[in-house]
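Encoded as structure tokens, the structure appears first; notes follow it.
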Amino acid sequence: MRKTHVLVYVVDSSDRKRLPQAKAELHRLLRLDSQLPVVVLGNKQDKHNAMSVWELHEALSLGAVADDRRLFLLAAQLGSDGLIVSRNLQAFQELILQLV
């Protein structure tokens, strides 16, 4: 990950069964570079069984991430047209550009 500027990690927030696996993989990646900024994107927020942002934060143990690392947890959902809500997409794009 030497040439990586930011880690974007996408989590299916409606797949509660696989969240422990997602957590383990995220923390494995975090150990590879302690300074790399991280954006965790909880997608499928439009699903009825989706975890809230707070639930994702807890389930992924994001509170255990070092204080000096830039860490962002964002939620994404589809609009009625089947596309990611544009405000969320624009905010996501702006954040990535700032981190790179």
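The values are calculated or read from the model by the stated rules, or taken from the named source; none is laboratory data. Predicted model, so just to flag it, every value in this text is computed and none were measured. Here Cβ is always computed from backbone atoms with ideal geometry, including for glycine, and neighbour counts include all displayed protein chains.
Of all residues in the stretch 48-69, which are surrounded by fewer than 16 Cβ atoms within 10 Å (Cβ to Cβ) and in contact with a Leu (Cβ under 7 Å, 6 or more places away or on another chain)? Listed by number, the list holds a single entry, Val53.
Evaluating Leu32 against the criteria (1) surrounded by 16 or more Cβ atoms within 10 Å (Cβ to Cβ); (2) closer than 16 Å to Ala64 by Cα; (3) not basic (Lys, Arg) leaves one unmet condition, (1).
Cβ-Cβ distances below 6 Å connect the following pairs, each with a first residue in the stretch 34-63 that is touching a residue at least 12 places away in the same chain (Cβ under 8 Å) and closer than 15 Å to Val8 by Cα, a second residue that is part of a loop (DSSP other than H, G, I, E, B) and of a type in the set (D, E, K, R), and a separation of six or more residues or different chains: Pro37/Arg70.
In the condition set (1) exposed (fewer than 15 other Cβ atoms within 10 Å of the Cβ); (2) modelled with pLDDT under 90; (3) not hydrophobic (A, V, I, L, M, F, W, C), Glu25 is compliant with all but (2). For Gly42, the criteria (1) under 25 Å from Glu94 (Cβ atoms); (2) loosely packed, with under 13 Cβ neighbours inside 10 Å; (3) of a type outside the set (A, V, I, L, M) hold in every case but one, which is (2).
Out of Asn43, Asn88, Asn49, one residue alone is at pLDDT 90 or above and of a type in the set (S, T, N, Q). It is Asn49.
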